[in-house]
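Input: a single structure, listed below in structure tokens.
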Amino acid sequence: MTNDDLPIGRRVARWRVRRSMTQQMLADRLRRSKSWVDKVERGVRALDRYSVIQELAHVLRVDPEVLLGQQPSTPAGTPDGVDDIRAALARYDTSQARQETDELRRQVGYAWLSYQHAHYGQLVRVLPGLLDTAQGARSAELLVQAYRITSSLLVKLGEADLGWLAADRAMSAAGDDPILAASAAISVGQALRAQDRDHLALSALLPAANRVLPPSSDAGDQEVSGTLGDQTAPKPLDHRGQGGRESQGDRREWAVGGTLLLQAALAAAGCGEHRQADELTERAAGIAASLRGYDDPHRISFGATVVEVTRVLVAAQRGDADEALRRHSTVMRREGWRRLPAEYRGAYLVDVARAYLQVGDLRGAARALVDADSVAPAEVRCRPLARTVIADVARAQPAQAGVARLATVVGLTH
């Protein structure tokens with residue numbers, strides 16, 4: 001068992017021994033009983049108040065994070081370098097020497113991995129050079145991807161206006177390629193939703209979905225619109241390539257189309273169009289049921305688990321936190337949950353913390369935030385949205401130990 005796996009009481013005992021203290025000596029310095037120290041070290045008494053952990057750490061002359069078994073803190077706050085990304089987006093002179101496409105593809109792949117693992121500080125440093133290189137290249141596909149990564153990161157960091165600019169550049173770079181344009185529309189929708197412009201997001205996302213999705217077998221459901229009738233069950237797609245089998249290209253297009261539908265569902269929920277949000281989610285569920293695995297060059301992670309995650313978020317947006325949390329418990333048991341990127345899981349758990357707050361469950365909100373921090377620390381420590389949720393949970397007295405520590409890390413308490 002590593003030190004990080006030890007219960008907190010065992011860590012207290014180890015550090016007490018290292019400091020050459022008996023249980024009575026530690027108890028005296030804490031102004032508590034020897035029995036209290038003994039129960040803490042044996043795990044009989046829980047240490048769930050951060051103020052007590054801080055007191056213990058002070059007496060044992062260690063950092064509270066050492067007793068909590070936490071890794072050294074990821075620096076909190078928005079990473080430096082956003083101005084460099086802004087400058088790269090403002091450069092129009094792309095006369096530098098052309099980059100080899102294979103090398104550029106490798107760099108784009110590295111940037112995507114950094115984003116999906118929530119290494120935002122690292123990505124901020126990489127993107128200005130990547131944008132310069134991609135803008136000078138002659139690959140629409142890689143340029144669209146570079147702009148999409150940039151837009152996604154900027155939205156995370158609270159720079160939604162600049163994120164929309166990058167997404168719009170992706171749309172322009174896509175040209176007449178329908179699948180590239182559809183993937184760029186995902187970024188446009190995300191950036192607009194981050195600016196609370198859900199109606200505009202919906203008007204961008206639905207036409208993009210209709211352009212890449214095949215018509216349903218039901219003649220009355222040929223396009224995604226504001227109303228899909230009374231259909232409630234997901235309907236698999238019935239269009240296939242030659243020989244009745246879907247091609248890899250079909251599956252890629254349908255996955256992008258399904259992602260557009262889910263983004264549109266979230267936008268509809270943001271507009272208060274809850275029935276439309278449910279209908280769009282059902283259509284996406286039908287598409288997910290039709291896919292039998294596909295490579296994911298557009299890095300969208302579409303599938304049945306993402307559909308269920310969207311159901312949780314839609315329920316939370318319409319104020320039905322009880323349904324959201326009931327669905328959430330099911331999502332966490334799904335086989336596909338842990339296969340989602342760390343960035344996605346971390347962002348989702350922050351949203352779940354907000355749902356717990358809606359029902360007044362501070363312990364559940366604290367647990368979701370701590371879980372998000374363990375999955376993707378930068379998702380919690382760098383995003384303005386997450387800081388707001390941490391502040392709301394940390395106001396409770398006494399604050400949960402994990403959230404009180406997070407509040408300290410992000411500079412919300414002193």
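What ranking, highest mean first, results for peptides 284-292, 84-92 when packing means the other Cβ atoms within 10 Å averaged over each residue?
Values: 284-292: 20.4, 84-92: 14.6.
Answer by packing, highest mean first, reads 284-292, 84-92.
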Could you order peptides 308-317, 101-110 by the average number of other Cβ atoms within 10 Å of their residues, highest first? 308-317, 101-110
The extension gain from S35 to R91, computed as 0.36 nm times the residue separation minus the Cα-Cα distance, is 13.4 nm
L113 versus S51, label points 7 Å from Cα toward the beta carbon: distance in nm? 4.7 nm
When the chain is treated as a GNM, springs tying every alpha-carbon pair under 10 Å, which of A396, A170, A160 comes out with the largest mean-square fluctuation? A396
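What whole-number value in Å² describes the accessible area per residue of the chain for a 1.4 Å probe? Mind showing how you got there, number by number?
On the way: 19250 Å² over 414 residues.
On a per-residue basis, the chain sits at 47 Å².
Starting from the Cα gyration tensor of the chain, take the square roots of the eigenvalues, sort them a ≥ b ≥ c, and report rounded, prolate or oblate (rounded when a/c is under 1.5, otherwise prolate if a/b is larger than b/c, else oblate). Before the final figure, lay out each step's value.
Values: a/c = 2.45, a/b = 1.68, b/c = 1.46.
The shape class here is prolate.
Percent relative contact order of the chain, based on C-alpha pairs within less than 8 angstrom and at least six residues apart? Display every interim value, and only then the final one.
Working: 602 pairs, mean separation 56.0, N = 414.
Computed value for the chain: 14 percent relative contact order.
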With a point put 7 Å past each Cα toward its Cβ, work out how far A396 is from S329 in nm, to one decimal. 1.7 nm
One finds the C-alpha centres of the stretch 265-322 and the stretch 343-379 to be spaced, in Å, by 19 Å
Ignoring any ligand, DNA or RNA, what whole percent of the accessible area of the stretch 104-210 comes from carbon and sulfur when the probe is 1.4 angstrom? 51 percent
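For a Förster distance of 51 Å, can you work out the FRET efficiency between the beta-carbons of S20 and D168, rounded to the nearest 0.05? Let's see the in-between values first.
On the way: r = 64 Å, r/R0 = 1.26.
Calculated value: 0.20.
Determine, from the Cβ-Cβ distance of D176 and L6 and an R0 of 56 Å, the FRET efficiency 1/(1 + (r/R0)^6), rounded to the nearest 0.05. Display every interim value, and only then the final one.
Numbers: r = 59 Å, r/R0 = 1.06.
The value I calculate is 0.40.
Give the carbon-plus-sulfur fraction of the accessible surface of the stretch 328-414 in %, rounded to a whole number; probe 1.4 Å, heavy atoms of protein chains only. Mind showing how you got there, number by number?
Values: 1830 of 3780 Å².
Ligands and nucleic acids excluded, carbon and sulfur reach 48 percent.
The values are calculated or read from the model by the stated rules, or taken from the named source; none is laboratory data. Note that this is a predicted model, so its numbers are computed, not measured. All Cβ positions, even for glycine, are placed from backbone atoms using ideal geometry, and neighbour counts span all protein chains on display. Accessible surface is based on the protein model in full, side chains and every heavy atom, while ligands, DNA and RNA are left aside. Shrake-Rupley method; radii C 1.70, N 1.55, O 1.52, S 1.80 Å.
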